[in-house]
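A short write-up of the structure that comes next.
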Amino acid sequence: MKRLTVPKIMRRKFEGKTEEPLVMLTAYTARQAQLLDPHCDMLLVGDSLGQVIYGLPSTLPVTLDMMIAHGAAVVRGSYHSLVIVDMPFGSYEASPQQAFESASRIMAETGAAAVKLEGGQAMAETIAFLSARGIPVMGHVGLTPQAVNALGGYMARGRNEAEEAKIIADGVAVAEAGAFGVVIEGVVEDIAIALTEKVAIPTIGIGASAQCDGQVLVTEDMLGMFERVPRFVKRYNDIATIISDTAATYAREVRERSFPGDEQIYPARKD
Ligand code: KIV
Ligand code: NA
C-alpha cells in the first residue's frame with residue numbers, strides 16, 4: 001500500500017527535528033484531491049469547507065454528514081497522501097463517548113485514517129480516549145475558528161503572556177494525550193517555534209512559523225480564489241481571474257453564436 005500512514009508521518013520528526021517539512025493542503029472534492037495528492041503528505045478535509053464551498057458565515061453550522069460526504073470524495077480522489085477529516089463543531093465536545101461515535105462514523109464512512117479536532121487542555125481526555133481506541137487524532141491550537149464566539153474574532157493569538165502560556169500548555173496537553181500531530185494556527189511566531197521545540201509530535205503551521213514541522217493552507221486561498229484573505233495566506237495564483245475571464249469569454253461566444261463551433265457539433269450524417 002502506497003498511502004502514507006500516521007506512524008510514517010510521526011517518524012518524519014526524529015529526535016525533535018524534521019529534516020524535510022511536511023506538506024499539507026485542504027481538499028474537499030475528488031478532482032481537487034487528485035490534483036493535489038502527488039504534491040502533498042497530508043490532505044485535510046477542513047471544516048473551512050463551510051465558508052469555502054457552502055458560503056456559510058463560519059465553520060459552526062458545518063455538520064458531520066457534510067464532513068463525511070466530502071471526506072469520502074477526497075479519499076476516493078487520492079492514494080498517496082494521508083487523509084485527515086475535521087470533526088465539526090458540536091460533534092465531539094460533549095464527551096469522549098460522543099467524540100468516539102462521531103469519529104468512528106467518519107473513519108468507517110470515508111476511509112480516512114485520522115481526524116482533527118480543535119482545543120487543547122479541555123480536549124486532552126477526548127484525544128487520549130480516541131487514540132487508545134484506534135483513532136489517530138490531530139490537535140489544533142492557537143486560533144481555533146470553532147471558538148470564534150469565545151475568542152471574539154479571528155485575530156492572531158498569543159499577544160500577551162497569559163495567552164502565550166495557554167497556547168503552549170494546550171499544545172503540550174494535546175501531545176501528551178497522544179495526538180499524532182498538531183496544527184498551530186494564527187499565533188505570534190515565537191510561540192510556534194517554542195511549541196515545535198517542546199513537543200515530540202509534528203507541528204503544522206498556518207499563520208505560525210516556517211520553523212514548524214510542516215505547513216498547511218486552505219487550497220482555495222493559496223490559489224487566489226478570494227479577494228480578502230488573512231495575512232498568513234500567500235496567494236500563489238489568481239484563479240478567481242481565470243474563472244471570471246473564462247466565463248466572460250464563454251458568455252460572449254454564446255451571445256454571438258460562435259459557440260458551439262464546428263468542432264463541438266455532430267455534423268449531419270452523409271448517407
Ligand atoms: O478547516 C481548515 O481548513 C483547517 C486548516 C486551516 C488547518 O482547520
Ligand atoms: Na478546521
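Is it the case that Val148 is among the β-branched types (Val, Ile, Thr), in contact (Cβ under 8 Å) with a residue 60 or more places away in the chain and in a helix (DSSP H, G or I)?
Details: among the β-branched types (Val, Ile, Thr): yes; in contact (Cβ under 8 Å) with a residue 60 or more places away in the chain: yes; in a helix (DSSP H, G or I): yes.
It is true that Val148 is among the β-branched types (Val, Ile, Thr), in contact (Cβ under 8 Å) with a residue 60 or more places away in the chain and in a helix (DSSP H, G or I).
Inspect all residues belonging to region 82-104 and state whether any of them is surrounded by fewer than 21 Cβ atoms within 10 Å (Cβ to Cβ) and under 17 Å from Val6 (Cα atoms).
yes
Within region 20-29, is there a residue that is part of a loop (DSSP other than H, G, I, E, B), surrounded by 15 or more Cβ atoms within 10 Å (Cβ to Cβ), away from ligand 1 (no atom under 12 Å from the Cβ) and hydrophobic (A, V, I, L, M, F, W, C)? Quick ask: steps written out before the conclusion?
To start, the set of residues in region 20-29 that are part of a loop (DSSP other than H, G, I, E, B) comprises 20-21, 27-29.
Pick out the ones that are also surrounded by 15 or more Cβ atoms within 10 Å (Cβ to Cβ) and you get 21, 27-29.
Checking the rest, the ones that are also away from ligand 1 (no atom under 12 Å from the Cβ) come to 21, 29.
Narrowing the set further to residues that are hydrophobic (A, V, I, L, M, F, W, C) leaves none.
No, every residue in region 20-29 fails to be part of a loop (DSSP other than H, G, I, E, B), surrounded by 15 or more Cβ atoms within 10 Å (Cβ to Cβ), away from ligand 1 (no atom under 12 Å from the Cβ) and hydrophobic (A, V, I, L, M, F, W, C).
In region 30-45, which residues are part of a helix (DSSP H, G or I) and within 16 Å of ligand 1 (Cβ to nearest atom)? Write out each step before concluding.
So the first thing to find is which residues in region 30-45 are part of a helix (DSSP H, G or I), and the list is 30-39.
Result: Gln32, Ala33, Leu36.
Tell me yes or no: at least one residue of region 59-72 is buried (at least 19 other Cβ atoms within 10 Å of the Cβ), within 15 Å of ligand 1 (Cβ to nearest atom) and outside any helix (DSSP H, G or I).
Checking region 59-72: at least one residue is buried (at least 19 other Cβ atoms within 10 Å of the Cβ), within 15 Å of ligand 1 (Cβ to nearest atom) and outside any helix (DSSP H, G or I).
Can we say Ala208 is closer than 25 Å to Gly119 by Cα, crowded, with 18+ Cβ neighbours inside 10 Å and away from ligand 2 (no atom under 16 Å from the Cβ)? Show your work before the answer.
Details: closer than 25 Å to Gly119 by Cα: yes; crowded, with 18+ Cβ neighbours inside 10 Å: yes; away from ligand 2 (no atom under 16 Å from the Cβ): no.
Considered against the rule, which asks whether it is closer than 25 Å to Gly119 by Cα, crowded, with 18+ Cβ neighbours inside 10 Å and away from ligand 2 (no atom under 16 Å from the Cβ), Ala208 comes out as no.
Could you tell me whether Asp213 is within 16 Å of ligand 2 (Cβ to nearest atom) and touching a residue at least 40 places away in the same chain (Cβ under 8 Å)? Before you say what the answer is, go through the steps one by one.
On the way: within 16 Å of ligand 2 (Cβ to nearest atom): no; touching a residue at least 40 places away in the same chain (Cβ under 8 Å): yes.
In short, no.
How many residues are more than 14 Å from ligand 2 (Cβ to nearest atom) and either in contact (Cβ under 8 Å) with a residue 60 or more places away in the chain or within 16 Å of Ala175 (Cβ to Cβ) (or both) when one looks only at region 130-145?
Taking region 130-145 and keeping what is more than 14 Å from ligand 2 (Cβ to nearest atom), we get 130-136.
From the residues that got through so far, the ones that are either in contact (Cβ under 8 Å) with a residue 60 or more places away in the chain or within 16 Å of Ala175 (Cβ to Cβ) (or both) too are 130-132, 136.
Residues that pass the stated criteria total 4.
Out of curiosity, is Ser78 among the hydroxyl-bearing types (Ser, Thr, Tyr), within 23 Å of Leu22 (Cβ to Cβ) and within 14 Å of ligand 1 (Cβ to nearest atom)?
Working: among the hydroxyl-bearing types (Ser, Thr, Tyr): yes; within 23 Å of Leu22 (Cβ to Cβ): yes; within 14 Å of ligand 1 (Cβ to nearest atom): no.
In short, no.
Under 6 Å between Cβ atoms, which residue pairs at least 6 apart in sequence (or on different chains) link something in region 236-253 that is at negative phi with a partner that is assigned to a helix (DSSP H, G or I)?
Pairs that qualify, where the first residue is at negative phi and the partner is assigned to a helix (DSSP H, G or I), are Tyr236/Met222; Asn237/Leu223; Ile239/Leu223.
Regarding Gly186, is this residue out of contact with any Asp or Glu (no Cβ under 6 Å at 6 or more places or on another chain) and within 22 Å of Pro7 (Cα to Cα)? Even if it seems obvious, please write down each step before you answer.
Numbers: out of contact with any Asp or Glu (no Cβ under 6 Å at 6 or more places or on another chain): yes; within 22 Å of Pro7 (Cα to Cα): no.
Criteria not met by Gly186.
Every number here is computed from the coordinates shown, using simple stated rules; none is lab data. Computed from a prediction, not measured in an experiment: that's the story for all the values here. Cβ sites come from the backbone with ideal geometry, for glycine too, and all protein chains shown count toward neighbours.
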